[in-house]
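The values are calculated or read from the model by the stated rules, or taken from the named source; none is laboratory data. Predicted model, so just to flag it, every value in this text is computed and none were measured. Cβ coordinates were reconstructed from backbone atoms using ideal geometry, including for glycine residues, and neighbour counts include every protein chain displayed.
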Amino acid sequence: MSSGDSVRASMLSPSRRDEVSGRVTEAASHTAERAWTIFSGTRFTGYWLVAPAVLFLAIWFLWPVLTMIHLSVSARSVDGVMVEGFTLDNYIRLFSSDLYVRILLRTIRIALLTSVIAALFAYPLAIAIARGGPALARLVTITILAPLLVNVVVRSYGWQTILNKTGALAWLLKLSGVTNPPVLLYTEWAVLIACVHVYLPFMVMPLASAIGRIDRAVEEAARVAGAPQLSVMLRVIFPLSLPGLAVGVSLVFSLSAAAYVTPQILGGNFSPLLGTLIEQQILTLNDWPFGAAISTLLIAMVLAANLVFLKVVNRRFARWTGDIR
Amino acid sequence: MNETVSTPLKIVVGIILLIVVAPLVVPLLMSISDTPYIVFPPKGFTLQWYGAVLANPEARGSFLFSLELAAIVTAVSLVLGVPCAAGLTRYRVVGQDVVLGLILSPLIVPLIVTGVALLQLFSMLGSRATMMQLVIGHTVVCLPYVIRSVSASFVLANRNLEDAAAVLGAAPHLVAIRVIWPQVRPGVLAGAVFSFIVSFDDYPISMWLADGNHFPVPLYLYTVIERSFDPSIAAIASLMIGFALLLVLVIEKVFGISLARLAS
């Protein structure tokens, strides 16, 4: 029984109805009016309700993040001593050092590759969810989402047990006759594999809902008109799933660009990303302004990704499908 | 009937699902290995590593601390989030778009940045109250989930029922308890569950704010992975995976909440 039914049932039970109608005859207009005033509220009720959460986030989210961005241009660390005053030094240092540029490029590369590979894996899964029978859809959904409840440290560790020298993959490769199996642990590959695994659900779900929204008649029409399965996939389902893909890519890109735990556990000291760099600069080197600059860069990257993938793709999408809808 | 899902596609889906569960199954296999190091396939059979983990006071302490932290964070998020959702969906609030943007932005800004920014603010303020810092940090991230989930159920709730009850003379508190609450309860419950999970699993906020006396499970797991190599890590991982599967069952069967909301 849905909650709506229970409300209706309780409203229509005889005793309740008598009680209500009794009171209505006594002071109908007065009670109803009072109820209305309190529930529709005064002009300010909405503000009072929203204010605590908004204040909380303004103080504990907006303020610290803005302070951090401000710090990145208002101080620099010289031999461990903070020198105040407007400066672009931190950013110049970030973009002029080979080491930092390499980490930045690696971060972008991993985030992009993770998005692309996750999308390749996600399409079959999303089609199975959106177009498969209820049993298949449920099996795929649960299997994809259940890992989200497993801590990311544990999931990364799981990959460590597969990818290390005495791990499951090496064993499997030896069984199939590969004499000198490559050790992927502590390489960029390991980071990439685990990132795809950890962020895959964020690609599958928006894609599945986008594909689920595609009118089956459009697919049917293409098939009746003689399009082979592959053409239906590439020229009907793929273009119409683009809004879902855009959401998925912006989520996966943002999450993997800012990943810390997974690269730390699987990349070791050999392939740090920007997250690791922030941690080192602040906790190990105590260089707050430089850490703030890297953090600001990370925010900018994520915002840019959201803007590019969501806005641009959606505008294109509107043009492509203008004649269908 | 379902020609769209052809057999080759089903095979591909099967292979991908196998890869998805592999890192959750392999630690389980390795945790029973009777060797002082991690090896695949496992050799022998022992449950000694599980015994060692369960007897470890550090592991227990972290687990209990994380439960406590997640419970407090969820309570705070509900207290702040439910009224906010009601205000956003039921009343005219000037600047609603700005408010919504602020509320959802903790989901866009990288958590590791939110964490370090909070650490900077707290040290600027001279705060040493670690527990309060952790509660604040986690609430910043959990609050958006609660507000989004509760708002959705407020939007879905049928307002005619409220009007009808009010017109029929139900006092405002009765309308709230007997008409509005049953309709928004699923959203509140879902928000609470997600808030609990997000807090319990958080690493990138806690890594900045925690200290030795306030050490959540994810941080503890990380230090164990860094410093030891025997199968007891695999045993902890397996216990955490078992705990997660239990959560999946409880969420889907008992609460009837679709997990899909976690990833959208």
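A few comments on the model shown:
- For region B:137-181, a residue qualifies if it is at the interface with chain A (Cβ under 9 Å from one of its Cβ atoms) and among the hydroxyl-bearing types (Ser, Thr, Tyr), and exactly one does: B:THR139.
- Residue satisfying all of: in region A:169-195; under 13 Å from A:PHE270 (Cβ atoms) and touching a Ser or Thr at 6+ places or on another chain (Cβ under 9 Å); nearest to the other protein chains (Cβ to nearest Cβ) among these: A:ALA190
- Residue satisfying condition, being surrounded by 16 or more Cβ atoms within 10 Å (Cβ to Cβ) and either touching a strand residue (DSSP E or B) at 6+ places or on another chain (Cβ under 7 Å) or small (Gly, Ala, Ser) (or both), within set B:GLY101, B:GLY81: B:GLY81
- The set of residues in region B:221-235 being more than 8 Å from chain A (Cβ to nearest Cβ) and within 19 Å of B:LEU47 (Cα to Cα) consists of B:VAL224, B:SER228, B:PHE229, B:ASP230, B:PRO231, B:SER232, B:ALA235.
- Across region A:135-157, not a single residue is classified as free of Cβ contacts under 8 Å to residues at least 60 places away in the same chain, assigned to a helix (DSSP H, G or I), under 21 Å from A:VAL236 (Cα atoms) and within 7 Å of chain B (Cβ to nearest Cβ).
- Within region B:250-264, the residues that satisfy the criterion of being surrounded by fewer than 20 Cβ atoms within 10 Å (Cβ to Cβ), more than 7 Å from chain A (Cβ to nearest Cβ) and either of a type outside the set (Lys, Arg) or touching a Cys at 6+ places or on another chain (Cβ under 9 Å) (or both) are B:VAL250, B:GLU252, B:VAL254, B:PHE255, B:GLY256, B:SER258.
- Residue within region A:234-247 that is part of a helix (DSSP H, G or I), modelled with pLDDT of 85 or more and polar (S, T, N, Q) present: no
- Only one entry of A:ALA222, A:ALA246, A:ALA217 meets the criterion of being among the hydrophobic types (A, V, I, L, M, F, W, C), more than 11 Å from chain B (Cβ to nearest Cβ) and closer than 24 Å to A:THR107 by Cα, and that entry is A:ALA246.
- For region A:113-132, the set of residues classified as in contact (Cβ under 8 Å) with a residue 24 or more places away in the chain and either within 17 Å of A:VAL252 (Cα to Cα) or touching an Asp or Glu at 6+ places or on another chain (Cβ under 8 Å) (or both) consists of A:LEU113, A:THR114, A:SER115, A:ILE117, A:ALA118, A:ALA119, A:PHE121, A:ALA122, A:TYR123, A:LEU125, A:ALA126, listed by residue number.
- Restricting attention to region A:47-70 and to residues that are more than 7 Å from every other protein chain (Cβ to nearest Cβ) and within 18 Å of A:GLN281 (Cα to Cα), the residue that is surrounded by the most Cβ atoms within 10 Å (Cβ to Cβ) turns out to be A:ILE69.
- Residue in region B:94-107 that is within 24 Å of B:PHE215 (Cα to Cα) and out of contact with any helix residue (DSSP H, G or I) (no Cβ under 7 Å at 6 or more places or on another chain) present: no
- When B:PRO8, B:PRO41 are checked against the criterion of being surrounded by fewer than 18 Cβ atoms within 10 Å (Cβ to Cβ), more than 9 Å from chain A (Cβ to nearest Cβ) and farther than 25 Å from B:ALA190 by Cα, B:PRO8 stands alone in meeting it.
- Helices (runs of 4 or more DSSP H) (entirely within region B:170-245) containing at least 3 residues that are surrounded by fewer than 21 Cβ atoms within 10 Å (Cβ to Cβ) and touching a residue at least 40 places away in the same chain (Cβ under 8 Å): B:181-201
One line per residue, one yes/no per condition, for (1) of a type in the set (S, T, N, Q); (2) within 30 Å of A:THR187 (Cα to Cα); (3) out of contact with any His (no Cβ under 8 Å at 6 or more places or on another chain):
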| position | (1), (2), (3) |
| --- | --- |
| A:TRP63 | no, no, yes |
| A:MET68 | no, no, yes |
| A:SER74 | yes, no, yes |
| A:VAL78 | no, no, yes |
| A:VAL83 | no, no, yes |
| A:ILE92 | no, yes, yes |
| A:SER96 | yes, yes, yes |
| A:VAL101 | no, yes, yes |
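- Picking from residues in region B:11-34 that are in contact with a Pro (Cβ under 7 Å, 6 or more places away or on another chain) and over 20 Å from B:ILE241 (Cα atoms), the one that is surrounded by the most Cβ atoms within 10 Å (Cβ to Cβ) is B:VAL13.
- Total residues in region B:58-93 satisfying the condition of being of a type in the set (Val, Ile, Thr), touching a Cys at 6+ places or on another chain (Cβ under 9 Å) and either within 10 Å of chain A (Cβ to nearest Cβ) or more than 22 Å from A:TYR260 (Cβ to Cβ) (or both): the figure is 2.
- Some residue of region B:94-111 being facing chain A (nearest Cβ under 8 Å), more than 21 Å from B:HIS138 (Cβ to Cβ) and at pLDDT 85 or above: yes
- Flag not set for B:TYR50, criterion: among the hydroxyl-bearing types (Ser, Thr, Tyr), over 19 Å from the mean Cα position of the chain (by Cα) and within 11 Å of chain A (Cβ to nearest Cβ).
- Residue check for A:THR166: within 30 Å of B:SER258 (Cβ to Cβ), among the polar types (S, T, N, Q), at the interface with chain B (Cβ under 7 Å from one of its Cβ atoms) and surrounded by 12 or more Cβ atoms within 10 Å (Cβ to Cβ): no
- Selection status of B:LEU247, in contact with a helix residue (DSSP H, G or I) (Cβ under 7 Å, 6 or more places away or on another chain), among the hydrophobic types (A, V, I, L, M, F, W, C) and within 11 Å of chain A (Cβ to nearest Cβ): yes
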